[in-house]
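Participant: Submitted below is the structure of interest, expressed as structure tokens.
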Amino acid sequence: MNTHMPPVKVVSSSRPRHEQRRFYLDWLKVLAVLGVFAAHNIDALDIISWRIRYQEQSVGIMTFTNFGAMWGMSLMFLLAGSTAWFALGSRNGGQFINERIMRLLIPFLVGVLLLSPVEAYFEELRLALYKGNFVQFVPYFFTNLHIDWNLRWLATVSFHLWFLAFLFLISAATLPLLILLRREAGRSFMCKLASVCEKRGALLLFAIPIVFMQIILRAPFPGYQNWADCCTWVICFIYGYILASDTRFEQAIRSEKGLMLLIGSVCIFLVLLFYIAGYVARWEASPYYSIGYICYQILRGLIVWSLLALALYIALRFINFSNRLLLYANEAALPFYIVHYPIIVISAFFIKGWSENIPLKFILLSSISLTLTLLVYELLVRRIRMLRLLFGMKVQNKKILASTANKS
């Protein structure tokens, strides 16, 4: 079997350049999903932050995951915003929402009903919080949900599928703005913004709303997946939409790569100093509007934006092409994201006593969960029409499905 996958030659299109597909964004989406997969496997070794908790803890792992959480989900929402730009180029508002329902809301509901009880069951067993079989646990799970105005409950109910719910709500809530930005006045605004970003240092303007949101909302709404995070993700979603509208933003990102690298490196270094000195733990435990806490939030906001810009530059520079691997992975990204988490939870539960070595345990868990996730996707989700629908994939013609099955 020939595994060499040469880049696909890009054929010229009559569509404007700003409306044409950007392959580097597709690659970033695939890599972001793999990053989430890796983070969930790493978190399985962290006694602090995840559900399957081993008895050892690595400071290096904690630091990596904390910094990754600052911008990783922001990147995913930014990429979703760019997807919305291209989607609304060929759909009206109603069609856009219908597609979001099929791609996001239905998989979310299916996941909550079918996957969340499984994940919760193994968590309860691991923590010795429940005794009984799975059939008995299902009604217990659904009758002990605590729903309130704090968005964190979505993650408690749906585990990793909170992203789908958040993205659907953000897409629906911002739709009037997205449509407005595609009209003459909105396009004029984005054109002027692109012109401004051609000036040296102007790309930093995008950091201001993120920094402002961190300063204002982080103290009253601390913790992950709270209102401070949600509002930041709304901003990143809109940024992705705007950045996809004009190729001059791409040129600005190329031009400002050095500045973004400098700012990101300095801010991360300063946060590490605060972390080592014990200030970060104190601020996270008791957030309040002190000078130090405000400076910390400014650094967080700058880190988010500078790393987003750097990720876009690296993708533009090195992976702005298509091949058969991208075509396959781009279609698989959503169902892979949906099914990977329960597989990690179950695998981590059963291998928890196999080794005391953290790196070895990570390699073992990652290998098992990756293999099982790909098998579930390839043998079940990808080939069964109903599962394709339930997991947010396009339902293909039976002949096409048979053809792809034979080729694989």
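Participant: Do any residues in segment 216-233 that are crowded, with 20+ Cβ neighbours inside 10 Å have Cβ atoms under 6 Å from those of residues that are in a loop (DSSP other than H, G, I, E, B) and of a type in the set (Phe, Trp, Tyr), where the two are at least six apart or on different chains, and which pairs are they?
Facilitator: Ala228/Phe221
Participant: Tell me yes or no: at least one residue of segment 351-364 is surrounded by fewer than 17 Cβ atoms within 10 Å (Cβ to Cβ), in contact (Cβ under 8 Å) with a residue 12 or more places away in the chain and not aliphatic (A, V, I, L, M).
Facilitator: There is at least one residue in segment 351-364 that is surrounded by fewer than 17 Cβ atoms within 10 Å (Cβ to Cβ), in contact (Cβ under 8 Å) with a residue 12 or more places away in the chain and not aliphatic (A, V, I, L, M).
Participant: Checking the condition within 30 Å of Leu151 (Cα to Cα), β-branched (Val, Ile, Thr) and modelled with pLDDT of 95 or more, which residue from Val234, Val266, Val271 passes?
Facilitator: Details: Val266 fails: within 30 Å of Leu151 (Cα to Cα); Val271 fails: modelled with pLDDT of 95 or more.
Every option except Val234 fails the conditions.
Participant: Let me ask something else about it. Condition check: small (Gly, Ala, Ser) and either farther than 14 Å from Ile238 by Cα or crowded, with 17+ Cβ neighbours inside 10 Å (or both). Does Ala165 satisfy that?
Facilitator: Answer is yes for this residue.
Participant: Still on this model: Tell me which of these Phe349 doesn't satisfy, since it passes every other one: (1) over 21 Å from His40 (Cβ atoms); (2) modelled with pLDDT under 95; (3) of a type outside the set (D, E, K, R); (4) outside any loop (DSSP other than H, G, I, E, B).
Facilitator: With respect to (1) over 21 Å from His40 (Cβ atoms); (2) modelled with pLDDT under 95; (3) of a type outside the set (D, E, K, R); (4) outside any loop (DSSP other than H, G, I, E, B), Phe349 is out only on (1).
Yes/no per residue for (1) surrounded by 15 or more Cβ atoms within 10 Å (Cβ to Cβ); (2) more than 19 Å from Ala228 (Cβ to Cβ); (3) modelled with pLDDT under 95; (4) touching a helix residue (DSSP H, G or I) at 6+ places or on another chain (Cβ under 9 Å):
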{"residue": "Gln251", "(1), (2), (3), (4)": "no, yes, no, yes"}
{"residue": "Leu259", "(1), (2), (3), (4)": "yes, yes, no, yes"}
{"residue": "Leu262", "(1), (2), (3), (4)": "no, yes, no, yes"}
{"residue": "Ile276", "(1), (2), (3), (4)": "no, yes, yes, no"}
{"residue": "Ser290", "(1), (2), (3), (4)": "no, no, yes, yes"}
{"residue": "Tyr293", "(1), (2), (3), (4)": "yes, no, yes, yes"}
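Participant: So, in segment 319-374, exactly how many residues are under 27 Å from Arg103 (Cβ atoms) and either in contact with a strand residue (DSSP E or B) (Cβ under 6 Å, 6 or more places away or on another chain) or among the β-branched types (Val, Ile, Thr) (or both)?
Facilitator: Final tally of qualifying residues: 9.
Participant: Another question about this same structure. What are the pairs with Cβ atoms under 7 angstrom where one residue, in segment 306-318, is on the phi < 0 side of the Ramachandran plot and in contact (Cβ under 8 Å) with a residue 40 or more places away in the chain and the other, located anywhere, is of a type in the set (Ser, Thr, Tyr) and assigned to a helix (DSSP H, G or I)? Sequence gap at least six, or different chains.
Facilitator: Correct list of pairs: Leu308/Ser74; Ala315/Tyr24; Leu316/Tyr24.
Participant: Kindly indicate whether any position in segment 253-272 is among the charged types (D, E, K, R) and under 30 Å from Arg183 (Cβ atoms).
Facilitator: yes
Participant: Do we have Asn330 as surrounded by fewer than 18 Cβ atoms within 10 Å (Cβ to Cβ), modelled with pLDDT of 95 or more and in contact with an Asp or Glu (Cβ under 7 Å, 6 or more places away or on another chain) here?
Facilitator: So Asn330 fits the description; yes.
Participant: If you go through segment 80-123, how many residues are of a type in the set (Lys, Arg) and modelled with pLDDT under 95?
Facilitator: Count: 1.
Participant: Sticking with this structure for a sec: Among Phe77, Phe67, which is part of a helix (DSSP H, G or I), modelled with pLDDT of 50 or more, of a type in the set (Phe, Trp, Tyr) and buried (at least 20 other Cβ atoms within 10 Å of the Cβ)?
Facilitator: Going through Phe77, Phe67 in turn, just one is part of a helix (DSSP H, G or I), modelled with pLDDT of 50 or more, of a type in the set (Phe, Trp, Tyr) and buried (at least 20 other Cβ atoms within 10 Å of the Cβ): Phe77.
Participant: Another question, if that's okay. Could you list all residues from segment 126-135 that are in a helix (DSSP H, G or I) and either farther than 19 Å from Ser158 by Cα or under 28 Å from the mean Cα position of the chain (by Cα) (or both)?
Facilitator: Arg126
Participant: Can you run down the residue pairs with Cβ atoms below 8 Å, 6 or more apart or on separate chains, where the first is in segment 369-381 and farther than 15 Å from Val36 by Cβ and the partner is small (Gly, Ala, Ser) and surrounded by fewer than 15 Cβ atoms within 10 Å (Cβ to Cβ)?
Facilitator: So the pair list comes out as Glu378/Ser408.
Participant: OK, next. Taking Phe269 as meeting all but one of (1) of a type outside the set (D, E, K, R); (2) part of a helix (DSSP H, G or I); (3) free of Cβ contacts under 8 Å to residues at least 60 places away in the same chain; (4) under 30 Å from Val381 (Cβ atoms), write down the number of the exception.
Facilitator: Unmet condition: (4).
Participant: A further question follows. Test each condition in (1) out of contact with any helix residue (DSSP H, G or I) (no Cβ under 8 Å at 6 or more places or on another chain); (2) within 28 Å of Leu387 (Cα to Cα); (3) polar (S, T, N, Q) for Ser116 and report the one that comes out false.
Facilitator: In the conditions (1) out of contact with any helix residue (DSSP H, G or I) (no Cβ under 8 Å at 6 or more places or on another chain); (2) within 28 Å of Leu387 (Cα to Cα); (3) polar (S, T, N, Q), Ser116 misses (1) alone.
Participant: Yes or no: segment 114-127 includes at least one residue that is surrounded by 15 or more Cβ atoms within 10 Å (Cβ to Cβ) and among the polar types (S, T, N, Q).
Facilitator: Looking through segment 114-127, at least one residue is surrounded by 15 or more Cβ atoms within 10 Å (Cβ to Cβ) and among the polar types (S, T, N, Q).
Participant: OK, next. With (1) without any contact (Cβ under 8 Å) to a residue 24 or more places away in the chain; (2) closer than 30 Å to Met393 by Cβ as the list, and Arg183 as the residue in question, which single condition is left unmet?
Facilitator: (2)
Participant: Also, quick follow-up: For segment 367-408, name all the residues that are under 18 Å from Ala329 (Cβ atoms), assigned to a helix (DSSP H, G or I), at pLDDT below 95 and among the polar types (S, T, N, Q).
Facilitator: Result: Thr404, single match.
The values are calculated or read from the model by the stated rules, or taken from the named source; none is laboratory data. Here the structure is a predicted model, which is why all the values come from computation and not from measurement. Cβ: placed from backbone, ideal geometry, glycine included. Neighbour counts: every protein chain shown.
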